[in-house]
Amino acid sequence: MTREEVLDSVKANVENDNLVKHMLATEAIMRALGKRLGEDDEEWGLTGLIHDIDVELTDGDMREHGKLGADLAKELGASEEMAHAIICHNQEHGIPLETQLDKALYCADPLTGLITAAALVRPDKKLAGLEAKSVTKRFKEKGFAAGADRQQILMCSEIGLELDEFIELGLKAMKAIADDLGL
Ligand SMILES: [Fe+2]
């Protein structure tokens, strides 16, 4: 599966532009994590890029979200490892996070929301001037971007990254595609 095929499929199945941007941001962080951990960064990136492809198709039904996504990914040629990460990133299914890829996707997913929210409260609403330490400060504010599950983000420790490093890596990765994210 090529990146182009995955992105075409994502765009064909997702109307919400912000959801597409969320998947692009997740891809960027997953690529950076793959590199950092010496894993297959292309496979990790594509897992991030496709992980929420079924959100609109399942109409937010959390009993289905992830299952359909994993099937669609497999149709496109995703590996079993990728499909597993996609299905278990929705922990409603009760499927344990097993591999490094599972855990990476699970913690990268909410980090995109925290970083995006931290950029949007800046006067310029841009990522460029946002510093990692500001994101860390926002992380500690419970009411800020409450949808970005802090415990989930902290799972980065399970793949060997401290929170500070994870935030720094995620921010850098998203800054590199700021134009695509409109941030
Ligand atoms: Fe997501």
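Given 143, 113, 147, which one is exposed (fewer than 14 other Cβ atoms within 10 Å of the Cβ), within 14 Å of the ligand (Cβ to nearest atom) and at negative phi?
Residue meeting the stated conditions: 147.
Taking the condition of being touching a residue at least 24 places away in the same chain (Cβ under 8 Å), in a helix (DSSP H, G or I) and either in contact with a Leu (Cβ under 8 Å, 6 or more places away or on another chain) or of a type outside the set (Asp, Glu) (or both), how many residues in segment 100-145 meet it?
Final tally of qualifying residues: 24.
Of the numbered conditions (1) touching a residue at least 24 places away in the same chain (Cβ under 8 Å); (2) open to solvent by less than 10 Å² (accessible area, probe 1.4 Å); (3) of a type in the set (A, V, I, L, M, F, W, C), residue 97 satisfies every one except a single condition; which is it?
With respect to (1) touching a residue at least 24 places away in the same chain (Cβ under 8 Å); (2) open to solvent by less than 10 Å² (accessible area, probe 1.4 Å); (3) of a type in the set (A, V, I, L, M, F, W, C), residue 97 is out only on (2).
Considering only segment 1-85, give the helices (runs of 4 or more DSSP H) lying wholly within it that have at least 2 residues that are on the phi < 0 side of the Ramachandran plot, within 14 Å of the ligand (Cβ to nearest atom) and aliphatic (A, V, I, L, M). Quick ask: steps written out before the conclusion?
Working: elements: 3-13, 17-36, 41-50, 67-75.
Passing ranges, in order: 17-36, 41-50, 67-75.
The values are calculated or read from the model by the stated rules, or taken from the named source; none is laboratory data. The shown structure was predicted, so the numbers you read here are calculated from the model rather than taken from an experiment. A quick note on method: Cβ atoms are made from the backbone with ideal geometry, for glycine too, and the neighbour counts reach across all protein chains shown. All accessible areas refer to the heavy atoms of the entire protein, side chains included, with ligands and DNA or RNA removed. Shrake-Rupley method; radii C 1.70, N 1.55, O 1.52, S 1.80 Å.
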